[in-house]
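Below you'll find the structure, written out as structure tokens, and then a few comments.
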Amino acid sequence: MKIGVLIKQVPARDSEIAINADESWIDEDGIEFETSEPDDYALEAALQIKEAQGGEVVAISLGPKRVQDALRTALAKGADRAIHIADEHGHGLDPLQVAGALAGAVGAESFDLVVSGLQSDDHGYGQTGVLLAESLGLPHATVVVDIDAGTDKLTIKRELEEGWTQSVELPLPAVLTIQSGINKPRYTSFKGIMAARKKEIREIPGQDLMPADIAAGMRILRIYAPEGAAAAEMLEGGPAEQAAALLEKLKYQARVLQ
């Protein structure tokens, strides 16, 4: 089975994030970047299918030159090759534009299956995989927690609200967005790191793939850190009066109780 895996590189969780001078994006100088955690689960799912059935896993990412580090990590874990859609301003694209650019690369590959994380760790839109499926005219499923892959179809389990799940059968080719926790992503080995150096990362200019009829549906006006407004209120009276006052505030101010 030929599987494409969408990979996004995001600021590392322990990075000290600062806003740039014009408040249009974060200041990327001096911070570390890593693969968005949900995409690690998608990659592991793809690698497990490949190990069971054979085939090829191709990692795909859109962004500046630095995203090749995330692609190289995917190659070290077992992906066979990678595609880098080069765009120095990819952080400013909305999900429809990203899906449009990805569709050009994915469509040319004729994948049997395309997987991505449910949502990214930075913007968290959760829309790119769904919009990509629509762009390609492929069936899709979201919040996938189990995959049984056949030769011409998939039986998958989706997570619903309140602990419910749904089983769905999809024909191939298809697009899936994977829920975090579906598996245990593997670590990179030294052997894998050495092997990744010899694997192909093909670079495609993003402007060559972006459909001319897709304009930005949204734009970033300003990025800022909200100001803290911590406050404490002392409740008067004895334990019974304090409990009653706390219950009143939880119901009608915090609205966490009904």
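Just so you know, all these numbers are worked out from the coordinates, no wet-lab data involved. These numbers were taken from a predicted model, which means no experiment stands behind them. Using ideal geometry, Cβ is built from the backbone for each residue, glycine included, and neighbour counts are taken over all protein chains shown.
In a fully extended conformation the segment linking LYS153 and ALA244 would gain 27.0 nm over its present Cα-Cα distance, using 0.36 nm per residue.
So if I place +1 on the C-beta of Lys and Arg and -1 on the C-beta of Asp and Glu, and nothing else carries charge, what would the dipole magnitude of the range 13-82 be about its Cα centre? I want it in debye, nearest 20.
On the way: 7 positive and 17 negative charges, 111 e Å.
Roughly 540 debye for the range 13-82.
First check a/c for the range 1-79, with a ≥ b ≥ c the square roots of the eigenvalues of its C-alpha gyration tensor; if it is under 1.5, answer rounded, and if not, answer prolate when a/b is larger than b/c or oblate otherwise. It comes out prolate by the Cα gyration axes. Projecting the Cα atoms of GLY238, ALA225, HIS91 onto the charge dipole of the chain (Cβ charges, centred on the Cα centre) puts HIS91 farthest toward the positive pole. Of the trypsin sites (Lys or Arg not before Pro) found in the range 197-245, those in coil by DSSP whose Cβ has at most 12 other Cβ atoms within 10 Å are ARG197, LYS198, ARG219, ARG222.
Between GLY150, GLY63, GLY78, the residue with the greatest mean-square fluctuation in the GNM of the chain (Cα pairs under 10 Å linked by springs) is GLY150.
Adding -39500 (n - 2.57) for every DSSP H run of four residues or longer, then dividing by how many residues the chain holds, sets the calculated 222 nm ellipticity at -9000 deg cm²/dmol.
Quick one: order THR73, THR165, THR128 by neighbouring beta-carbon count within 10 Å, fewest to most. Please report the intermediate quantities before stating the final value.
Working: THR73 22, THR165 11, THR128 25.
With the sparsest Cβ surroundings first, the list reads THR165, THR73, THR128.
Residues considered: ALA18, ALA74, ALA244. Largest GNM mean-square fluctuation over the chain, using C-alpha springs under 10 Å, is found at ALA244. For the chain, the dipole from Cβ point charges (+1 on Lys and Arg, -1 on Asp and Glu) about the Cα centre works out to 920 debye, to the nearest 20.
Of all beta bridges that DSSP places with both ends in the chain, some 35 percent have antiparallel geometry. Taken one residue at a time, the phi angles of the range 5-17 give Karplus couplings (6.51, -1.76, 1.60, θ = phi - 60°) of 10, 7, 10, 10, 9, 10, x, 4, 5, 9, 6, 7, 8 Hz. Gly and Pro are set to x. Amide H contacts of ALA18 (H built 1.01 Å from N, in plane; Pro and chain starts excluded): ASP27 sit under 5 Å, all sequence-distant by 5 or more or on other chains. With both labels modelled 7 Å from their Cα along Cα-to-Cβ, the GLU109 to MET194 distance reads 2.7 nm. If we count GluC sites (Glu not before Pro) as exposed when they sit in a DSSP loop and have at most 13 other beta carbons within 10 Å, what is the longest stretch of the chain that avoids them all? Maximal segment without exposed cleavage sites: 89-199.
How big is the shadow of the Cα convex hull of the range 2-208, averaged over all directions, in nm²?
Numbers: hull surface 47.9 nm².
Here the figure is 12.0 nm², rounded to one decimal.
Restricting the trypsin sites (Lys or Arg not before Pro) of the range 1-58 to loop positions (DSSP other than H, G, I, E, B) with no more than 14 neighbouring Cβ atoms within 10 Å leaves ARG13. Taken about its Cα centre, the range 94-215 carries a charge dipole of about 740 debye when Lys and Arg each add +1 at the Cβ and Asp and Glu each add -1 at the Cβ.
Using DSSP to call loops (not H, G, I, E or B), can you name the chymotrypsin sites (Phe, Trp or Tyr not before Pro) in the range 1-56 whose Cβ has at most 15 other Cβ atoms within 10 angstrom? Can you show the working numbers first?
Numbers: sites: TRP25, PHE33, TYR41; in loops: TRP25.
Counting only loop positions with at most 15 other Cβ atoms within 10 Å, the chymotrypsin sites (Phe, Trp or Tyr not before Pro) in the range 1-56 are TRP25.
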